[in-house]
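Participant: After the structure tokens below, expect a handful of questions from me.
The values are calculated or read from the model by the stated rules, or taken from the named source; none is laboratory data. Keep in mind that what you see is a predicted model, and the values were worked out from it rather than measured. We place every Cβ from the backbone using ideal geometry, glycine too, and count neighbours over all the protein chains shown.
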Amino acid sequence: MKKKRVAIITPVFNDWISFYKLVKEIDKALAGLSIEVMIIPVDDGSTQPYQEGLFMEEKYRVIRHIEIIHLARNTGHQRAIAIGLSYLESKHKADHIIVMDADGEDRPTDIKALLDRQTTNEIIFAKRGRRKEGSIFQVFNQIYRLLFMILTGKQIPFGNFCIIPGNLLRQVVYLPEIWSHFAAGVLRSGLPQSVVTFNRGERYQGKSKMNFSGLVMHGLSAFSVYTDILSVRMMLLTLIVILATLIGAGSLVYVKYFTPLAIPGWATTVGFGLLVILFQSFLLLLSIAFNVLNSRPMQMYIPAKYYQDFILNVEVCYG
């Protein structure tokens, strides 16, 4: 019986010690399965060099090939994933593709569960169950998810950890949205997908390099996938503000000129403020409309077509 080919894509930035441990944990977790594993780490412009020959003397049970993609510069976590998937689709064949982090928080033991669950033609994402982050991070994470649901009408309860059927990979790498945010891009695509819950694992070493600015940018990248929907909702909100302002201004005029009611002295100030709000809302509405129209003719950035521009070299370090 032919063994299934499993490819694992993981971005790495300087954390080669964790990656080395990840490889060992993957081989241990999947030992005994009738599969052949290829691991493709994407070196996202690391400033700390990879130790050559690190894997040459190892004897793995299911891992057959390790191939490092060295990028010419740091592109960020999401784009590194998009480049890795595009490279895999162009150069190799796989029955199942796993996307995961290399720091241990995506547990190698959960890969088997993902493989067991992928019985249909769908992408399966891993949702976080028990989390170990600090309370401040969790508060901001909940705020982000709530805003995302309100502004886009979608829920995004999962991260990058997922399994992709080999026959869907080509469709995934032709999604322009994954260049900004992998999970949100796949969610937006409408490709068949489901969610399974796993607990977060312990980091192999150190602390997360993601700072507050990075977290904010990560959230904004997810929102950028839904720019058109956000624009329409912002336009509707602006129209509501304009309508409410007109009603307020009309009420002041009606009371002043068509009723015997007394108008307080601050009514003039309120009226002037309403006019300012009306003018600014109108300018905002025009700005959003023109930005939407301006973005329509722009060429979409498709990872499968342009990923090679970011690859410095490819290094086979095992197999």
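Participant: Among the residues of the range 32-49, is there at least one that is assigned to a helix (DSSP H, G or I) and farther than 29 Å from Arg170 by Cα?
Facilitator: The answer is no, given that none of the residues of the range 32-49 is assigned to a helix (DSSP H, G or I) and farther than 29 Å from Arg170 by Cα.
Participant: Go through (1) assigned by TED's automatic domain parsing to the domain that holds Pro108; (2) modelled with pLDDT of 80 or more; (3) among the small types (Gly, Ala, Ser); (4) surrounded by fewer than 16 Cβ atoms within 10 Å (Cβ to Cβ) and name the single condition Ala244 misses.
Facilitator: Condition not satisfied by Ala244: (1).
Participant: Ok, one more. Return the only residue of Glu52, Glu57 being in a loop (DSSP other than H, G, I, E, B), of a type in the set (Asp, Glu), closer than 27 Å to Asp309 by Cα and over 22 Å from the mean Cα position of the chain (by Cα).
Facilitator: That would be Glu52, the only listed residue that is in a loop (DSSP other than H, G, I, E, B), of a type in the set (Asp, Glu), closer than 27 Å to Asp309 by Cα and over 22 Å from the mean Cα position of the chain (by Cα).
Participant: Looking at Arg200, Arg233, Arg188, Arg170, which is the one that is at pLDDT 80 or above and in contact with a strand residue (DSSP E or B) (Cβ under 6 Å, 6 or more places away or on another chain)?
Facilitator: When all the criteria are applied, what remains is Arg200.
Participant: Condition test on Leu71, is it in contact (Cβ under 8 Å) with a residue 24 or more places away in the chain, farther than 17 Å from Val316 by Cα and not acidic (Asp, Glu)?
Facilitator: For Leu71, the condition - in contact (Cβ under 8 Å) with a residue 24 or more places away in the chain, farther than 17 Å from Val316 by Cα and not acidic (Asp, Glu) - is not met.
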